[in-house]
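For reference, the structure discussed in these notes is given below.
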Amino acid sequence: MTKTDVINTVAPSLYRDGMALLAGAVNIVTSDGPAGRAGFTASAVCSVCDTPPTLLVCAKEDSSIGRAFMTNRAICVNTIGPAHEALAIRFGGKTPAEERFATAEWRTGVSGAPVLPGALVSFVGTVVKSERIGTHRVLFCQVQDILLSEQTAASVYFARKFHHVQA
């Protein structure tokens, strides 16, 4: 066996149970462009580097949403607080895209992606690279604009529930 060989000994259900205990910020990730508006709720978002400002987002590979992000390239990561948890639930389910977006006010960011006014922070940018890993695609996004709000509470997803963190 070489160093690049990996032996999978962890069951997917055990992995999901473990990941449920890895607290993460709640983000509504949005896109718009030739493939239409798309969005989903994600905690699989993190910083890559600050020069150039880049973050990564994981999206399910075989979903219509994943394909829309790859076609559109425009992306906005809207990190939310308690006021937007119901919207995060809507974006996390099987609700059609037009119904997801109909329940909130949206602005258009510099990349063309929908920005959620009142989000704790919105990172607006462009998908510059992607990599398929298993069932998901890792989207590397160069940030072109950051919109900060005056909100002081963040929503965190831990143990399959929303929790609040106050500054």
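The values are calculated or read from the model by the stated rules, or taken from the named source; none is laboratory data. These figures come from a predicted structure and were not determined experimentally. FYI the Cβ positions are ideal-geometry reconstructions off the backbone, even for glycines, and counts take in every protein chain you see. When the accessible area is computed, the model is the full protein with side chains, heavy atoms only, and any ligands, DNA or RNA have been set aside. Shrake-Rupley method; radii C 1.70, N 1.55, O 1.52, S 1.80 Å.
Place a point 7 Å from the Cα of C49 along the Cα-to-Cβ direction; which residues of the range 135-167 have their backbone N under 17 Å from it? Answer for the range 135-167: 139-144. Per-residue extension of 0.36 nm, minus the Cα-Cα distance of Q166 and A153, leaves a gain of 4.2 nm for this segment. A DSSP coil position with no more than 15 other Cβ atoms inside 10 Å describes the following GluC sites (Glu not before Pro) in the range 93-162: E105, E150.
The relative contact order of the chain comes to 26 percent, based on Cα pairs under 8 Å that sit 6 or more residues apart.
For the chain, the average shadow cast by the Cα convex hull is 10.8 nm², which is a quarter of the hull's surface.
Among L116, L56, L147, the order of accessible area from largest down is L147, L56, L116, computed with a 1.4 Å probe on protein heavy atoms. Considering only A20, A154, A74, the mean-square fluctuation computed in a Gaussian network model of the chain, springs between alpha carbons under 10 angstrom, is largest for A20.
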